[in-house]
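Notes follow the structure.
The values are calculated or read from the model by the stated rules, or taken from the named source; none is laboratory data. Remember, it's a predicted structure, so these values are computed and weren't measured experimentally. Cβ placement follows ideal geometry from the backbone for every residue including glycine, while neighbour counts extend to all protein chains displayed. Please note that ligands, DNA and RNA were not included when accessible areas were found on the heavy atoms of the full protein model with its side chains. Shrake-Rupley method; radii C 1.70, N 1.55, O 1.52, S 1.80 Å.
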Amino acid sequence: MLSRLNDTPCSGDPAEGPHGAGTTHGQAGATPDHGGVGLDAGERQIRERVAAFEELLGDPHEAGNPFGNAALLEADERGELSVEAERALAAFRLNDEFVPRELGGNLDRIDGLARVLRPLFRRDASLGLGYGVTSFLAAIAVWAAGDEAQRGRTADLLRGGGRLAIAYHELAHGNDFVRNEFSARPDGSGGYLLDGRKDVINNAGRAEGLVLFCLTAPPGQRGPRSHSVLLVDTAGLPEDAWRVTDRYRTVGVRGCQVAGFSFERCRVPADALVGRQGGGVETALRSFQITRSVVPGMVLGGADTALRTVVRFATSRELYRRSVLDIPHAQATVASAFTDLLVCDSICLAATRAVHLLPEQTSVYAAAVKYLVPKLLQDACYNLSIVLGANFYVRDGDYGVFQKHVRDLPMVSLGHAGSAACQATIIPQLPRLARRSWTQGTPAPEALFRTGGGLPALDTDRLVLAAEDDALVASLLAAADRLEGPREAGAELAPVRALVRALVAELTRVREECLALGPHDRTAMASPHAYALADRYTLLLAGSACVNVWLAQRQDGGDFLADPRWVVAALTRVCRHLGLPLPEEADEHSEWMLAEVLGRYHEGRSFDLYDTHLAGPLVDDEPAAARH
Amino acid sequence: MPAVTPLEAEYRDWLVTRLSGYLRRPENDINVCIPFSEYGMDSVAALSLFGDIEDAFGLYLEPTVAWDYPTIEALARFLVRAGSDGAL
Amino acid sequence: MVTTPRRTAPAGLDWPLPHPSWELGARLDRELGDPADDAGVHSYQESIRLDEGEEFPAEQLAALDLWGLAEYYVPAQYGGRLTDYQDLSQLIRMLARRDLTVAIAHGKTFLGAAPVFLSGDHAAARRLARLVRRGARVSLGLTERTHGSDILAGELTAENHGDGLRLNGEKWLINNATRGRLLSLLTRTSPTGGPRGFSLVLVDKDELPEGTYRHLPKLRTLGIRGADISGVVLQDAPVGADAVVGGVGGGAELVLRTLQVTRTLCPALSLGAADHALRLAVGFAQERELYGRMLAELPLTRHTLAGAYADLLLCEALNTVAVRSIHALTSELGVTAAVAKYLVPSVVDEIVADLGGLLGARSFLADHYAHGRYQKLARDHRIVGIFDGNTMVNLYSLVVQFRALARSFLAPADHRPRLASLFDLDRRLPEFDPGQLVLVSRYGSSIMGTLPAAVRELRAEAVGRPALARAAALAEELDRTARELHERIATCTSTVGDAAPASFEDARRYSLCFAGAAALGLWLHSHQAAECGPTGELWRDGLWLEAVLDRVLRRQALGGPARLSAPAAGGATETDLSERLEARLIEQYQRGSLFSLLPCPVAEGPVSC
Ligand SMILES: Cc1cc2nc3c(=O)[nH]c(=O)nc-3n(C[C@H](O)[C@H](O)[C@H](O)COP(=O)(O)OP(=O)(O)OC[C@H]3O[C@@H](n4cnc5c(N)ncnc54)[C@H](O)[C@@H]3O)c2cc1C
Ligand SMILES: Cc1cc2nc3c(=O)[nH]c(=O)nc-3n(C[C@H](O)[C@H](O)[C@H](O)COP(=O)(O)OP(=O)(O)OC[C@H]3O[C@@H](n4cnc5c(N)ncnc54)[C@H](O)[C@@H]3O)c2cc1C
């Protein structure tokens, strides 16, 4: 069964870099940031949608705005999602983003999906997950494995503003979801009888449709073919056979309605089965490849706001007769956080585009990005919290959103697959990849690293459970070759060259250690050393993504992203995270990066690869004291 | 203003040189009558001065000496006295 | 070297406690009742309920008053029971392992009262002592709405008026500002300010005329949600001349000297939080089944738990030496306190984060697992790195002392304080003399100074005891690292004021070396005695020392925190170390002891399994 999410041909049209200066400020204009000339239709649509969304979200500092900081903080305090905000998202038809274009929605590019949702995560992860993404996490199983009727029903539900909940996990089994016990037994007449509990499920109590991961094999025959995915319409369920259990309160994403449900001999019709009976694990693992790739790219938005909030504090707070931002250490922390965001966005970009371009390799990249990005973002936010000092600890007021984003962030590293589980997905694949791709191997097509531009249609059938090849590592080697060759011989590139060399040397070491991994390392009994290797590997992927994004931009002639300084800063961060001795040429370019941060802060542009225009007035440097 | 003795001038010059290094400012930018704090030397940093002076001149001083004599002029004058008292 | 007769460890659980301070902490814990018993006032359940409702833990504080905790805030010379700061540190630690909100809300009185007790103003101290012992709460008011670390920017003024002073201005973000009766306020007494332009004023709100002060609303905070974090506004508030403590113009100096003592006690809060987090994580790992095994069997889990335990012991060793140095090395407390106040909360933040990863979804649920205690302690603990001198302030105070620190390490002066009692847990400490507190240590750090000789001593011991070989090798590496570091900071710190980011990184490394030196000194001087005690296995063959030095060096090698997962070279020995250490961790857990170098039962009692 072939499932295509779009039919846009790979245009090969080199997208223009996203660095055009946002010229319209003062009010949220619907004008897309970048001229849009020479863009293919898909890319133009994404940009327009992002701009329109940002306009809808409005000025975050405006008191009455339902998407403003004050309103979102209050909703978080109450543990609710704002009705007004949800209504506005429905009117915006946000759910269209989750429905494939051929079914009437907007979904055709996974990188585009991350970009469109990012503005919402910049405001509030509770809305991002609770209104939006949860439905997508559920629907993807239907898009990947459902039949025409199920796809049609699901599309209609979402496009009509409805919700889907997804119940893969059971609290008792966590990441080891193959041991799940929630069962669906054949009822003798083609349908199923559902029995058991699912706990800690987002929107459990208010979704019209449920995607359930169930044990369908008889007890005692448990294995990779013992589970199936069912799509259930809650309105059609016999009332006395199921109920929603109590809500769980959470530290972060407090607005999300997390609860559970309990079924007792609850009859569902035969057409509930999604895909084959016994195909549940495979459907789940395929769906995860898409969802794990795309969610980190959305969540990046929360770290953008955390950084923006600290810049706001540091430019206005006075200390020792100057602003906090005059303190060199604070400057360096801000600059490093921005660099880390670019590193994260580079790997997010490669992972989301890999779903289209390298589906056979996505299983590793999805786990890598899901592991690495939340970790880097949490570390960056920790460092930023030190600059915020006591104001980090205060829940309301000017900087209250910071602590909210810090509380929300861990949800992303927990939700469907914790860090260790992601590493555990990577580890068994390392020896093979090391042997096959880490010395030679085919580099990724350049389109993988473009910040825009068309992509081949998504074909979920090409997503496989173990990667055959590792083009992202091959691209690191290719970049090294290119930098050593005559084409990039300039002396100004010496630092990039030295840093890439350092990464290649690290790759050689990681490779040797991967080849030496023992058989026990392929199981949950893997040594801590194997987990450490997975960690280092993901950082090497991030390094590859950064240098190749930069090379692609050089080709396309951008300005900020084509400048070698950002990539030197990014690779320097990567080397630091790896704990490598820094080559002499390494440089975080703090001053230059800080200037970029301040420019974007004052002009209202995003802290990511896309440099998009944000809603709200220009930021002036009014000292904090004057506001009191 | 009383005349500046050669010893006091020596202390002053030494302090000017030191401060210009610490504060990354040219020597002729440093006015001996302006408190250290005006140059961005905070109170904690000022405490570290006593050790340098002790080292250079073999005096024994209280760590808070730069708090009590917060300009080069005052500090140099105090150091002359401290030196002749054999410090403490 | 050992002065008291050795004890031998009796069989069974009821060992005689070798250290009176740990024993005192255990007694407090026992008398507060089993926190797992939901019915108790001091139960986990109750803590969570108060936190959720942002309710002040009034009942808990009253019970602590009844227990006599405040007696330990008052120096014996003023009628209290504070003779040994280790007592106070252990009491705070035991309270904090249950509930940081309660520990901070009650302990704040010590922070508020300390400047008065250390000022040498006996009349004021005696007056305050009476009130504190009767349960009056005292706040410390340094911070203002627009001024934090820069205490000399404060705008609350105290002007002469008749026989006394009149206070005008606001203090904000103050613990117990509303509920407390007394406030130690740093006030501006000279319009031009400066280091001699501030004075400490002790205000008794009960004696202020009505209308001369009002409270600012309680702030909603990320953690310690029940605490009274508020503020106070004074308007022509009259106080007598005797309210000025430490002399007019002496406020900044008094505050900075006092902070040396209080900053040495704050890490006890972190130690308690780390114990709490680790106890939750071990419990979870032992009961959680995953992939057909217990989570506690997975090598990664064991590695994470052993690492957190080693970090906790590192913090405990550093803190033990630091608290003892209040008595035994008072004149260098400016360095020691900054190291402890920076390093311990930062490392414990890492411990808490790592263990949160282990708890997975349960770390995120507010009340589902183990009352939701993890998420509370994780939020609560972040305050420890912020108040009473934050991370940057402490690192900065090391940076400005770099030249002196390097000088005294590389070319030690003849001056050598006697440090045996500092490191020997079996020795009595000299009485604390606040008069010896100085703002800047004249001779750098003698604790750091012991490193080269201590390394030689350990190497000599290792000659006859191969089990010590790895610890000795690690110690030598630490010595090399420390030397390089001092050589670097001797040359590259020619500026003050705007310290370069690299200097803060060096200050971080300095703190780590310092902690290693403290641990080494502690082991060398105390292991003979401790090996006979109930925690002897931790001390034997330098087990904890090796683990702790390993953590120190790993952090040295890495640019920043975390990423400690990568085992260093020498794989097999290291797994072995981690496993031996983990065995001790599990033993302490099951016996119901504090995770500690010294024996100390916790009120939950042994864990049946
Ligand atoms: C819950 C809570 C309770 C509190 N209770 C009290 C109390 O009871 N009494 C009281 O007086 N205060 C109290 N405070 C205030 C607290 O002690 C101060 O706010 C804190 O010590 C420092 O101030 P700041 O974080 O506001 O940072 P600021 O001093 O405004 O500094 C801002 C940032 O600048 C950076 N920075 C500062 N100094 C340096 C430096 N030298 N070098 C490099 N960077 C630097 C830091 O990153 C810092 O975070 C409390 C705060 C909280 C949150
Ligand atoms: C707020 C919230 C909302 C949620 N919403 C949903 C939802 O809508 N739908 C849904 O299906 N689920 C949902 N979940 C469930 C969540 O996705 C699972 O709970 C989670 O993925 C795994 O469970 P766990 O944290 O209990 O981890 P466990 O798997 O039990 O992990 C516990 C420990 O084991 C370690 N571990 C796990 N695997 C390995 C390994 N391979 N190797 C070594 N160590 C390992 C972990 O690091 C951790 O230390 C939600 C959870 C939360 C907190």
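Taking the charge dipole of the stretch A:165-276 about its Cα centre, with +1 at Lys and Arg Cβ atoms and -1 at Asp and Glu Cβ atoms, the residue from A:260, A:270, A:177 reaching farthest to the positive side is A:177. Taking Cα centre as origin and charging only the Cβ of basic (Lys, Arg, +1) and acidic (Asp, Glu, -1) residues, the dipole magnitude of the protein assembly as shown rounds to 1800 debye. Above 37 Å, the calculated P(r) of chain A contains 32 percent of its Cα-Cα pairs. Rounded to the nearest 20, the size of the Cβ-charge dipole of chain C about its Cα centre is 780 debye, with Lys and Arg at +1 and Asp and Glu at -1.
For the stretch C:81-97, backbone phi angles converted through the Karplus equation (6.51, -1.76, 1.60; θ = phi - 60°) give residue-by-residue couplings of 10, 7, 10, 10, 5, 5, 4, 4, 4, 5, 5, 4, 4, 5, 5, 5, 5 Hz, Gly and Pro being listed as x. Quick one: Debye curve from the C-alpha atoms of chain C, no solvent, what's log10 I(q)/I(0) at q = 0.06, 0.10, 0.11 Å⁻¹? Results for chain C at q = 0.06, 0.10, 0.11 Å⁻¹ read -0.30, -0.86, -1.05. Between residue C:192 and residue C:160, the modelled label-to-label distance comes to 1.7 nm, taking each label 7 Å out from Cα in the direction of the beta carbon. Based on the alpha-carbon gyration tensor of the stretch A:165-276 and its eigenvalue square roots a ≥ b ≥ c, which shape applies: rounded if a/c is under 1.5, prolate if not and a/b is larger than b/c, or oblate? Since a/c reaches 1.5 but b/c is at least a/b, the shape of the stretch A:165-276 is classed as oblate.
Determine one quarter of the surface area of the Cα convex hull of the stretch C:191-326, which equals its mean projected area, and express it in nm² to one decimal. Write down the numbers at each step before the final one.
Values: hull surface 53.4 nm².
Reported value for the Cα convex hull: 13.3 nm².
Take each residue in B:60-71, count the other chain C-beta atoms within 10 Å of its C-beta, and the mean is 3. The tail of the calculated P(r) for the stretch A:259-303, taken as Cα-Cα distances beyond 13 Å, holds 72 percent of the pairs. Enclosing the Cα atoms of the stretch A:237-377 in their convex hull gives a volume equal to 153 cubic angstrom per residue.
With axes computed from alpha carbons, what is the tilt in degrees of helix C:100-118 against the longest principal axis of chain C, rounded to the nearest 10 within 0 to 90? Value to nearest ten degrees: 60. With helices as the sole contributors, chain C gives -17000 deg cm²/dmol at 222 nm; each DSSP H run of n ≥ 4 counts as -39500 (n - 2.57), and the sum is divided by every residue.
Highest-first packing order for the peptide set C:399-408, C:259-268, A:184-193 is C:259-268, C:399-408, A:184-193, based on the mean count of other beta carbon atoms within 10 Å. Near residue C:372, once Lys and Arg are set to +1 and Asp and Glu to -1 for all other residues with Cβ below 11 Å from its Cβ, the sum equals +3. When peptides C:460-473, A:205-218 are ranked by their average number of other Cβ atoms within 10 Å per residue, the highest-first order is A:205-218, C:460-473.
Simple point charges give the picture: +1 on the Cβ of Lys and Arg, -1 on the Cβ of Asp and Glu, and for the stretch C:111-194 a dipole about the Cα centre of about 640 debye.
Inter-label distance, residue A:464 to residue B:38: 7.6 nm, where each label sits 7 Å from its Cα along the C-beta direction.
For the stretch A:375-440, the share of accessible area belonging to carbon and sulfur comes to 54 percent (1.4 Å probe, ligands and nucleic acids excluded). Principal-axis analysis of the Cα atoms of chain C puts helix C:251-265 at an angle of about 30° to the longest axis.
For the stretch C:139-250, the Cα gyration tensor yields ellipsoid semi-axes of 23, 17, 11 Å (square root of five times each eigenvalue, largest first, whole Å).
Across peptide C:391-400, the mean count of Cβ atoms from other chains lying within 10 Å of each residue's own Cβ comes to 4. The angle between the Cα long axis of helix C:299-328 and the longest principal axis of the Cα atoms of chain C comes to about 50 degrees, rounded to the nearest 10. In this assembly, the A-C interface accounts for approximately 5300 Å² of buried accessible surface in total, computed with a 1.4 Å probe and without ligands, DNA or RNA. Rounded to the nearest whole Hz, the Karplus-based 3J(HN,Hα) values (6.51 cos²θ - 1.76 cosθ + 1.60, θ = phi - 60°) of the stretch C:522-537 follow the sequence 5, 5, 4, 8, 10, 5, 4, 5, 5, 4, 7, x, x, 9, x, 4, with x at glycine and proline. Averaged over peptide A:240-251, the number of partner chain Cβ atoms lying within 10 Å of each residue's Cβ comes to 3.
For residue A:274, nonlocal amide neighbours, meaning residues 5 or more places apart or on other chains whose placed amide H falls under 5 Å from its own, are A:229, A:230, A:231. Scanning residues 5 or more positions from residue A:267 or on other chains, those with amide H under 5 Å from its amide H are A:194, with H placed 1.01 Å from N in the peptide plane.
Set the Cα radius of gyration of the stretch A:105-218 against 2.2 N^0.38 Å, with N its number of residues, and you get 1.17. DSSP finds beta bridges in the protein assembly as shown, and of those with both partners inside it, around 85 percent are antiparallel. For residue C:289 and residue C:45, a Förster radius of 25 Å and the Cβ-Cβ distance give a FRET efficiency of 0.45, rounded to the nearest 0.05.
Short-range pairs are left out: with C-alpha atoms under 8 Å and at least six residues apart, the relative contact order of the stretch A:318-442 is 25 percent.
If R0 equals 60 Å, the separation of the Cβ atoms of residue C:297 and residue C:126 corresponds to a calculated FRET efficiency of about 0.50.
Contact order for chain A, expressed relative to its length and based on alpha carbon pairs under 8 Å spaced 6+ residues apart, stands at 19 percent. In chain B, the DSSP-assigned H stretches of four residues or longer account for a calculated mean residue ellipticity at 222 nm of -16000 deg cm²/dmol, using -39500 (n - 2.57) per stretch and the full residue count as denominator. Full extension of the chain segment joining residue A:432 with residue A:271 gains 54.0 nm, where the gain is 0.36 nm per residue of separation less the Cα-Cα distance.
Here's the picture: a label point sits 7 Å out from the Cα of residue B:10 along the beta-carbon direction, and within the stretch B:31-74 the residues with their amide nitrogen under 16 Å of it are B:53-60.
Exceedance of the 32 Å cut-off in Cα-Cα distance is limited, within the set A:198/A:404; A:404/C:341; A:375/C:171; A:375/C:108; A:198/A:375, to A:375/C:171; A:375/C:108. Screening chain A for DSSP H helices whose Cα atoms reach 27 Å or more along their own axis and whose mean Kyte hydropathy is at least -0.5 gives A:280-316, A:328-357, A:362-388, A:494-515, A:528-556.
Take every pair of alpha-carbon atoms less than 8 Å apart whose residues are at least six positions apart; their mean separation over the length of the stretch A:178-298 yields a relative contact order of 33 percent. Taken over the stretch A:152-200, the alpha-carbon convex hull comes to 117 cubic angstrom per residue. For the stretch C:266-591, taking Cα atoms only, Rg and Dmax work out to 19.6, 63 Å respectively. Per-residue Karplus couplings for the stretch C:23-29, computed as 6.51 cos²θ - 1.76 cosθ + 1.60 with θ equal to phi - 60°, are listed in order as 5, 4, x, 5, 5, 4, 4 Hz, Gly and Pro entered as x. Under Stokes-Einstein, with the Kirkwood radius over Cα pairs as Rh, the value for the protein assembly as shown at 4 °C and 1.567 mPa s is 40 µm²/s.
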